[in-house]
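Notes for the one structure printed next.
The values are calculated or read from the model by the stated rules, or taken from the named source; none is laboratory data. Everything numeric in this text was worked out from a predicted model, so none of it was measured. Cβ: placed from backbone, ideal geometry, glycine included. Neighbour counts: every protein chain shown. The area values use the complete protein model at the heavy-atom level, side chains included, leaving out ligands, DNA and RNA. Shrake-Rupley method; radii C 1.70, N 1.55, O 1.52, S 1.80 Å.
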Amino acid sequence: AGMDQSGVDLFLKHRLPTVTTASFGGIAWNSDHKGSMDGFRWKNGAFRAYGVTKAEVVLWLLRAGRDVSISDVDVAWIAPPYALLRSVPDADVLSGTDCLNVPYDADRSPRKSNVRNCGHQSGSTWSAWFNTGVMFFRARPAAVDMMEEWRDTMAEIKGEAQVDDQ
């Protein structure tokens, strides 16, 4: 995805599949929404349509036999992910979480309750939000199946209904 025109132009020059937010209403800095966050994220229908398009690009790459890494522009990597990816060779899909509590995220011990968005530990009955802006897909049938289901689920929702892509 290209956030600015010079990035889009560079991607297109190299004949890379390119998606811009301009196709979905663009990014508008709006202080009326969530304290100066981008207005595009809070336009439910547009953001969901962008997610469906993102899924289509991922599917195109997977079907071409390419592994895919998604890393949103607001992601900061503290180390290259290669060792992590090698440590889980059987995983078809990997995702970051929206757990913003480092001690809870690091502690993988079983428990029934957690802090908000950190329910991915074994035994938890709380919600776990996976961050669709930090994902890795191996070019395998199970990853294709998962992306098709995700794309189709998001595409079935119409209008401005609030259903997150997480």
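General remarks:
- Count - residues of region 74-94 that are open to solvent by 80 Å² or more (accessible area, probe 1.4 Å), in a loop (DSSP other than H, G, I, E, B) and either over 22 Å from M147 (Cα atoms) or at pLDDT below 90 (or both): 5
Yes or no, residue by residue, for (1) among the hydroxyl-bearing types (S, T, Y); (2) outside any loop (DSSP other than H, G, I, E, B); (3) open to solvent by 60 Å² or more (accessible area, probe 1.4 Å); (4) at pLDDT below 75:
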residue	(1), (2), (3), (4)
R15	no, no, yes, no
S23	yes, yes, yes, yes
K34	no, no, yes, yes
R108	no, no, yes, yes
R111	no, no, no, yes
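- Qualifying residue in region 57-73 (condition: outside any loop (DSSP other than H, G, I, E, B), in contact (Cβ under 8 Å) with a residue 60 or more places away in the chain, charged (D, E, K, R) and closer than 29 Å to T153 by Cα): yes
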